[in-house]
1. I'm trying to understand the selection: among the residues of region A:133-152, which are part of a helix (DSSP H, G or I) and β-branched (Val, Ile, Thr)?
2. Looking only at residues in region B:113-149 that are within 14 Å of chain A (Cβ to nearest Cβ) and not polar (S, T, N, Q), which one is most open to solvent (accessible area, probe 1.4 Å)?
3. Of (1) surrounded by 13 or more Cβ atoms within 10 Å (Cβ to Cβ); (2) assigned to a helix (DSSP H, G or I); (3) free of Cβ contacts under 8 Å to residues at least 60 places away in the same chain; (4) within 24 Å of the chain's Cα centre (by Cα), residue A:13 satisfies all except one. Which?
4. If the Cβ limit is 7 Å and pairs must be 6+ apart or interchain, which residue in region B:196-220 that is under 14 Å from residue B:12 (Cβ atoms) pairs with which residue that is open to solvent by less than 50 Å² (accessible area, probe 1.4 Å) and part of a loop (DSSP other than H, G, I, E, B)?
5. For region A:224-236: of the residues being more than 14 Å from chain B (Cβ to nearest Cβ) and free of Cβ contacts under 8 Å to residues at least 60 places away in the same chain, which is surrounded by the most Cβ atoms within 10 Å (Cβ to Cβ)?
6. Mind counting the residues in region A:123-137 that are without any contact (Cβ under 8 Å) to a residue 24 or more places away in the chain and within 14 Å of chain B (Cβ to nearest Cβ)?
7. Identify the single condition in (1) away from every other protein chain (no Cβ under 14 Å); (2) among the β-branched types (Val, Ile, Thr); (3) surrounded by 15 or more Cβ atoms within 10 Å (Cβ to Cβ) that residue A:144 does not satisfy, given that it satisfies every other one.
8. Go through (1) more than 14 Å from chain A (Cβ to nearest Cβ); (2) at pLDDT 80 or above; (3) crowded, with 16+ Cβ neighbours inside 10 Å for residue B:32 and report which single condition fails.
Amino acid sequence: MLRLIVRRLLQLIPTLLGLTVLLFLWIHRLPGGPASALLGERATEADRRQIEAALGLDEPLWVQYGRWIERLARLDLGTSTQTSRPVWEEFTQRFPATVELALTAMLIAVVVGIPLGYFAARRRGSWLDAGAVSGSLIGVCIPVFFFALILKAVFAVNLGWLPSTGRQSTGIDATEITGFYVLDGLLTGEWDASWDAVRHLVLPGVALASIPLAVIVRITRASVLEVLTEDYVRTAESKGLKQRTVRGRHVLRNALLPVVTTIGLLTGSLLSGAVLTESVFAFGGIGRFIAEGIDARDYPTLMGFILLIALLYVLINLMVDVAYSLIDPRVRVN
Amino acid sequence: MTARTEKLDRLAELTARRDTTAGASLWVEALRRLRTSKMALIGASVIALFVVIAVIGPWIAPHDPTAQSWRDEVFVNRAIFVGPRSENWLGLDHLGRDQLSRLLVGARQTLLVGVVSTVIGLAVGALIGGVSGAALAFGGRSGRGVDTVLMRGVDMLLALPSLLLAVSIAAVMGQSLSTVMIAVGVVQIPVFARLLRGSMLAQANADYVLAARALGVRRRRIVLAHVLPNSLGPVIVQTTLALATAIIEAAALSYLGLGNPDASQPEWGVMLAQAERFFVPEDLLDQASLMAVCPALGIIVTALGFTLLGEAMREALDPKLRG
């Protein structure tokens, strides 16, 4: 197992190195540049040059790339040209918001999706099954931001049940420890702050959950249907095992294998969807900062954030593979 | 990267498996099942309707989609929005343009975005995947090198979340309709590449390939005449599903302000993005909400049509479900 993980980590190195080259060239081809973005349109040529020299942008591209990689090796992501703060600080400050949002969405998708898919398969052809299947087909066809807009307009603006923007109500002065507001409230015993953060997470969480939920329902359903016809299920049933044992140990456990992989695959769509959801709900996560970074031609921020996201994405997939081989002993043999 | 990679490979293998025990060929069999599938029928009808509207839209539109008629309405109704009425069935938008006409004319642009971006993804992706698969299966040692290089490149693209990739491409290229098409297309490249490669590898050890090799058929001919046509199943399914994704992703880019800046040219994604700030669904038939609901419904229904057809095709091609 350890060897597998180490080998896979080593395999990542060339891919990530290639990605740095791609990313660097890409970002530096953005029209305009940080200097013009900082100075505005009426800047003189001399001002622009001075700033570019200060940022090291007057040197040949390969020298700049070398500098960046050298700093990366020392785990230094550089300084944001937008805020003049270290990129790493900007990232860690916003990252908890996005993680909180993504975890909420995934929690909703798993807690609702797996039972729904399971019961849809057990009662194949029932109205529950038809509803789950058609609902999940429609779910992937609704643009995430439109769904988010509807939720916001109905439940926040119109009915006023839940807050419409941000992560926390103004007036709540919570102590910040980890940056995960729900957790922080629990740690300090400020229950109100926690509850307030939860209320802010509901609508964006549901909006972001739409695609993973639809996918999980369908995968679970298909997988349970397949397992139900397996010989070992029939054997277990004819042995006279309790139905609960058959369902829990034989059907569900085996049916969940593809679901685990799918959960990993969905991280990509979660991160993409987060950019949109964060925009609709003015949720201060990394998605919004990247969008602002493009406007400001904030090279270090863009390269740093995207690289960190790619790294994270790749590591999550590695964890999924490890989890997979833990549940399914057959994978380990290969 | 890897879990996704493996999933694509497995998908390719599953849908490409071919056994001709039943006598009828896979394609004939699949087509027969497709015709009896209700899902395929609904999907195909929706797509047909969409294509017809895209073709004849400009001729059947009751008004000029760019003409603004609110000038007099503002004073009469004291509101910019005008709801459904006899001469404008779906009301007017915030600039007083006829909604129905904009929807009818806009279908063409939306179809164009979907088709062109999918063709980009399909063409480039299939080329990479085809070369890679053929090289790995028939190219010997140097072929393995070609495959590794190509697939590492594909993995890099797969390592980035799709929207982020599209956003950065759109940012580099500036706002225009072709930018949207390229950005959405590039996102699809790795998916097509992985699928075709996987499905060609699954074919490479089939009995008919061994037979052809034993008969001394040239490698190029085996790949082009036998392996490639038999590997296309999953790619065709993915093309249909990609059309749905492309239309939705194009709308997302428009929402982030990276869509076609020329708003006089109606396009559903841009229409929806523009309607966002007026959206208050107290009543979904409210004049202002209608402006968002109409293009949104158009996008959802069209995407649903492509998705239904794609899913029906996947089922029809799945060897496990053959009767």
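The values are calculated or read from the model by the stated rules, or taken from the named source; none is laboratory data. What you see is a predicted model, and the numbers here were worked out from it, not measured in a lab. Using ideal geometry, Cβ is built from the backbone for each residue, glycine included, and neighbour counts are taken over all protein chains shown. All accessible areas refer to the heavy atoms of the entire protein, side chains included, with ligands and DNA or RNA removed. Shrake-Rupley method; radii C 1.70, N 1.55, O 1.52, S 1.80 Å.
1. Answer for region A:133-152, where residues must be part of a helix (DSSP H, G or I) and β-branched (Val, Ile, Thr): A:133, A:138, A:140, A:144, A:150.
2. The qualifying residue most open to solvent (accessible area, probe 1.4 Å) is B:149.
3. (1)
4. Qualifying pairs under 7 Å: none.
5. A:236
6. Going through region A:123-137 one residue at a time, the tally reaches 3.
7. Condition not satisfied by residue A:144: (1).
8. (3)
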